[in-house]
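Structure first, then comments.
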Amino acid sequence: MIHATTDGRTPTAIDRVVHGPLPVRADRHAVERLMRIPTSVQWRPPIPGLPAAFTVRATACVEGACGPVTGRTVLLHEHVLPVLALTAEPGAFFDPDTGIYGLGHGIFRTDEEVVQRFPRDHRWWKYPGNFQFRGRAWERSAQAELFDGRGTPIWSGPVKLRINGNNTRGFPQHALRMRLPQTSVAWCGEARGIGHRVLVLRAGGNDQADSFLRDVVQHRLCSALPFHTSGARAVVVYLNGAYWGLHHLRERIDARELARRHGGDADAYTVLEDRLLLYDGDQAEVKRFERMITMAERWDPNGRSYADSLERRMDVDGFLSYMAAQIILGNLDWPGQNVKYWRWTGPADTLGAPRDGRWRFMMGDSDMGLGYAGPVTTDVFLHVERHQGPVAQLYKAILRSPAIRQRSRTIVLDMLQGDLSDRAMVAAIDAGAAELAPEMTQHVARWRRPSSVSEWTRKVEELRSFARLRGEVVRTQLDRHLPAH
């Protein structure tokens, strides 16, 4: 006999028997129960009337022994954006002891560091719900189905999910890291290729309650510049038929992603982050980067060999472009964090970049840029000057060279006229907002963040205002910090 469930559970011989066609309708009781489980101390219940999907899982059982489980989601509402439907055991997300998404009983895990820290730092987003726990032990299996904007199925297969992020783990809508099998799907758009093995379903990051698109817009603006960015694709997510709102499918840039982009073995890429922390690869590369900083600080910047010596060790133009972009975009959650740098440690490619063994940079989270953490007049040149982290050290060291100072100035001015001009920034904001607008009413009803569609519209307009004014501000600051000679 065929047994089936419509709430995400794995069917067993005691579940309903299917004698004929199932009625294609959402399991409203299961959906409402799922959506009303608190996911943060700041969680607010959704507004009724949200769409739901029909999710079914079925298996054949004979004398109590059941075979493989198959499942399918049927969308019952139209969406302009692609839809990613996730089906998982309800307990995988919301069991109070082992579920990854809810508040749960996490606060009783007194052996966990995040629980021990909470009495000393009890800001609401630090509350030790289950979503704060990390690692493979807190990864759960699920089935994912991707549909295009017309509801046509594109791909279906098994995935592994865990909560992703740092402070934003405590926000009501969590980001999910998704491990994939090998697929031929262009998850982040045709231009970003295929073969992704890990993606992140981001939920706006720190910008979750504001414009929901700050980070995505900045990565898109920088996508043609000579450093790595993370591709993005807006999607609507359902979980066990429950409407889970807007997310952005994002590339997670690690050693495996570098290998996907550039070829070679992922083990031959080393990635460092923030204050010289090893992210992927060889620990010995930390010392190599430190030596490069020391060289940049101590060698004569006026000597003819200074720039050449740097160029042999790092992509200087790429680094200057990376720094210029972060300064123009006003990223204040940087450069002490949200920065990664990498190099190929295998045999040097005789054809040159990018597998030539030189250090290169990649753009990290920028959800505190574009005016989130400071006014349009914020002087990020000064912010970097006052910073003592390794990336700031390197930048200040190489700017001692008159030639490199002028090159840096030229790069900033070129960006302000090109990729990061006020016109380009406003156009990117407009495009990002237009992408989300058809779904925003339902998203707001689901998560109550942003608080209303009108509030979201106001926050998007704040981005446009920043973009229109930032160029002239940066030009004035540039003349003060890197004057023309």
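May I ask you to list the residues in the stretch 340-374 that are among the polar types (S, T, N, Q) and either at pLDDT below 95 or out of contact with any strand residue (DSSP E or B) (no Cβ under 7 Å at 6 or more places or on another chain) (or both)?
Pass one, the stretch 340-374, residues among the polar types (S, T, N, Q): 345, 350, 366.
Listed by number, the residues that qualify are THR350, SER366.
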Residues of the stretch 127-170 satisfying the condition of being of a type in the set (A, V, I, L, M, F, W, C) and touching a residue at least 12 places away in the same chain (Cβ under 8 Å): PHE131, PHE133, TRP138, ALA142, ALA144, LEU146, PHE147, ILE154, TRP155, VAL159, LEU161, ILE163
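Hey, can you tell me all the residues within the stretch 375-398 that are charged (D, E, K, R), in a loop (DSSP other than H, G, I, E, B) and more than 19 Å from ALA467 (Cα to Cα)? Quick ask: steps written out before the conclusion?
If we filter the stretch 375-398 for residues that are charged (D, E, K, R), which is where we start, we get 379, 385-386, 396.
This time we only want the ones that are in a loop (DSSP other than H, G, I, E, B), so: 379, 386.
ARG386 - this is the single residue of the stretch 375-398 that is charged (D, E, K, R), in a loop (DSSP other than H, G, I, E, B) and more than 19 Å from ALA467 (Cα to Cα).
Condition (residue is basic (Lys, Arg) and part of a loop (DSSP other than H, G, I, E, B)) applied to the stretch 399-408: is it met by at least one residue?
yes
Residue check: is GLN337 modelled with pLDDT of 95 or more and either out of contact with any helix residue (DSSP H, G or I) (no Cβ under 7 Å at 6 or more places or on another chain) or surrounded by fewer than 17 Cβ atoms within 10 Å (Cβ to Cβ) (or both)?
On the way: modelled with pLDDT of 95 or more: no; either out of contact with any helix residue (DSSP H, G or I) (no Cβ under 7 Å at 6 or more places or on another chain) or surrounded by fewer than 17 Cβ atoms within 10 Å (Cβ to Cβ) (or both): yes.
No, not satisfied.
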For the stretch 13-45, enumerate the residues that are in contact with a strand residue (DSSP E or B) (Cβ under 7 Å, 6 or more places away or on another chain) and assigned to a loop (DSSP other than H, G, I, E, B). ALA13, ASP15, ARG16, LEU22, VAL24, ARG25, ALA26
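Can you tell me which residues in the stretch 46-86 are outside any loop (DSSP other than H, G, I, E, B) and among the small types (Gly, Ala, Ser)? Spell out how you get there, then give the answer.
Step one: of the stretch 46-86, the residues outside any loop (DSSP other than H, G, I, E, B) are 52, 54-62, 65-66, 70-74, 83-86.
Result: ALA52, ALA58, ALA60, ALA65, GLY71, ALA85.
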Flag for LEU278 being buried (at least 20 other Cβ atoms within 10 Å of the Cβ), within 25 Å of THR229 (Cβ to Cβ) and of a type in the set (A, V, I, L, M): no
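Just to be sure before I move on: is GLY67 surrounded by fewer than 18 Cβ atoms within 10 Å (Cβ to Cβ) and of a type in the set (Gly, Ala, Ser) in the structure I sent?
Values: surrounded by fewer than 18 Cβ atoms within 10 Å (Cβ to Cβ): yes; of a type in the set (Gly, Ala, Ser): yes.
For GLY67, the condition - surrounded by fewer than 18 Cβ atoms within 10 Å (Cβ to Cβ) and of a type in the set (Gly, Ala, Ser) - is met.
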Filtered residues of the stretch 429-462 (kept if under 19 Å from the mean Cα position of the chain (by Cα) and not in a helix (DSSP H, G or I)): ARG449, PRO450
Is one or more of the residues making up the stretch 387-407 more than 24 Å from the chain's Cα centre (by Cα), modelled with pLDDT under 95 and within 28 Å of LEU277 (Cβ to Cβ)? yes
Of the residues that make up the stretch 179-186, is at least one closer than 16 Å to GLY99 by Cβ, part of a strand (DSSP E or B) and either modelled with pLDDT of 95 or more or not hydroxyl-bearing (Ser, Thr, Tyr) (or both)? no
Here, helices (runs of 4 or more DSSP H) confined to the stretch 241-343 with at least 3 residues that are more than 21 Å from ARG179 (Cα to Cα) and in contact with a Pro (Cβ under 8 Å, 6 or more places away or on another chain) are 284-298, 316-329
Which condition number in (1) among the polar types (S, T, N, Q); (2) touching a residue at least 40 places away in the same chain (Cβ under 8 Å); (3) farther than 23 Å from LEU478 by Cα is the one that THR377 fails? (3)
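The values are calculated or read from the model by the stated rules, or taken from the named source; none is laboratory data. Keep in mind that this is a model prediction, so the values were computed, not measured. Neighbour counts run over all protein chains shown; Cβ positions are idealised from the backbone, glycine included.
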